[in-house]
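Just so it is clear, none of the values below were taken in a lab; they were calculated from the coordinates. A quick note: this is a predicted structure, and the numbers were derived from the prediction, not measured. Quick reminder, even Gly has a Cβ in these numbers, built from the backbone with ideal geometry, and neighbours come from all protein chains shown.
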Amino acid sequence: MVNSSDSKLRQIFEQLNPLDFKHEEDSIRQAQEEKLRAILHEKKGAVVEKWVKVIHNTYPPETAQFLNSQKNRFANPIGASISDSVWPLYDQLTGDPDPETTKKHLDVLIRVRAVQDFTPAGALNIMFELKKIIRQEVLKDVLEHDLLERFLEFESKIDRFALLAFDVFMECREKVWQIKRNDLLKRPYILQGGMCPSYMLRRGKQHLEKMEKEKTQH
């Protein structure tokens, strides 16, 4: 804790030596960022393993049990795709992220959830669960080394990843709707519509209403 006299001395030093003070501030920040990065790297295994389990447990109980227990990649392709994406995503999050690489791994993780019966909130809550897990694992070390300010900055990066994940989810969901629409247009009653226009319009309207209802539910 900095007392009032120390604070005044620091203000005087800043006024007399602004460039030196700025250099000192930058050096302190860099050292803190490197220390936080080291802590996050040390906790990588524990964090990612818990995150994988949380993701698995968003599925129905029987599916979650299978995902957690089946280690064969070929028998458990969903579990394999989750594992293949979360480890490099954690590296992107705790290092210097590349936007294209980050989006690629988010796409692998989110795409499966976009084609299943997840709402946007249900599909993307896993990003905020990651924030909770990281807090549980590293907060003690963060406070011990006086890194709270740097850690809060890091958490804002998780929020940005979550926003990017939302974009990926909506892109994937839009593709699903397009596939359904194209499938609708290929239905026999559409192709044979010239034979019975009223029937074609009635059935087409029913299917479009169904698609719109599904879209609003998700």
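Every residue, every condition in (1) free of Cβ contacts under 8 Å to residues at least 60 places away in the same chain; (2) under 25 Å from ARG160 (Cβ atoms); (3) not in a helix (DSSP H, G or I), yes or no:
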| site | (1), (2), (3) |
| --- | --- |
| THR58 | no, yes, yes |
| GLN65 | yes, no, no |
| ASN72 | yes, no, yes |
| GLY79 | yes, no, no |
| ILE82 | yes, yes, no |
| VAL86 | yes, yes, no |
| PRO97 | no, yes, yes |
| THR102 | no, yes, no |
| HIS105 | yes, yes, no |
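Going by the conditions given, is ASP141 over 22 Å from THR102 (Cβ atoms) and either assigned to a loop (DSSP other than H, G, I, E, B) or in contact with an Asp or Glu (Cβ under 8 Å, 6 or more places away or on another chain) (or both)? Answer is no for this residue.
Would you say ASP107 is closer than 26 Å to PHE151 by Cβ and either surrounded by fewer than 18 Cβ atoms within 10 Å (Cβ to Cβ) or among the charged types (D, E, K, R) (or both)? So ASP107 does not fit the description; no.
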